[in-house]
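The values are calculated or read from the model by the stated rules, or taken from the named source; none is laboratory data. Computed from a predicted model, the values in this text were never measured in an experiment. Cβ placement follows ideal geometry from the backbone for every residue including glycine, while neighbour counts extend to all protein chains displayed. These accessible areas exclude ligands, DNA and RNA; they are computed on the full protein's heavy atoms, side chains included. Shrake-Rupley method; radii C 1.70, N 1.55, O 1.52, S 1.80 Å.
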Amino acid sequence: QVQLVESGGGLVQAGGSLRLSCAASGILFRINDMGWFRQSPGNQRELVAAITSGGSTNYADSVKGRFTVSRDNAKNTVYLEMNSLKAEDTDVYYCAVAGRAGWRYWGQGTQVTVSS
């Protein structure tokens, strides 16, 4: 059974930083591409950052230069380092595992709230 457990969300002031973690189990983590998404009520889920099994990364334009995605295959964990946070970064953040036809497995989400 695949499980993705996010942690690290919380309340932070604008300009501050947070580090999200996503611990995966039930998959061969090192061969899977991983992603971080965010969603607020009434909006579509947005891809924030992704990292391939080989370590290549890509980011949404809105977070480039501020967020960094990384992975630790020994710990089956993917991270999202978020700096210079803005009020508009407030959302529920989800990690996901890529499948052959899209994003296949999802975590339960962690709330990030940035106060201005």
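Miscellaneous remarks
- Vicinal HN-Hα couplings computed from phi for segment 26-42 (Karplus, 6.51 cos²θ - 1.76 cosθ + 1.60; Hz; Gly/Pro x): x, 9, 7, 3, 5, 9, 9, 6, 10, x, 10, 10, 9, 7, 10, x, x
- Per DSSP, loop trypsin sites (Lys or Arg not before Pro) in segment 68-116 with at most 12 further Cβ within 10 Å: 75, 100
- Residue-by-residue Karplus 3J(HN,Hα) for segment 88-97, coefficients 6.51, -1.76, 1.60, Hz, glycine and proline x: 6, 7, 4, 5, 8, 9, 10, 9, 8, 10
- Centre-to-centre, using Cα atoms only, segment 1-38 and segment 44-81 are separated by 9 Å.
- Heavy-atom accessible surface of segment 1-99: percent carbon and sulfur, 1.4 Å: 45 percent
- Placed amide H near residue 67: partners under 5 Å, 5+ positions off or other chain: 83
- Cα→Cβ-extended label distance, 7 Å offset, between residue 64 and residue 106, nm: 2.7 nm
- Considering only the chain, percent of DSSP beta bridges that pair antiparallel, nearest 5: 90 percent
- GNM result for the chain, Cα springs below 10 Å: residue of 80, 28, 18 fluctuating most strongly: 28
- Using θ = phi - 60° and Karplus 6.51 cos²θ - 1.76 cosθ + 1.60, couplings along segment 2-13 (whole Hz; Gly, Pro as x): 7, 10, 10, 10, 8, 8, x, x, x, 9, 9, 7
- Probe 1.4 Å, accessible area per residue of the chain, Å²: 53 Å²
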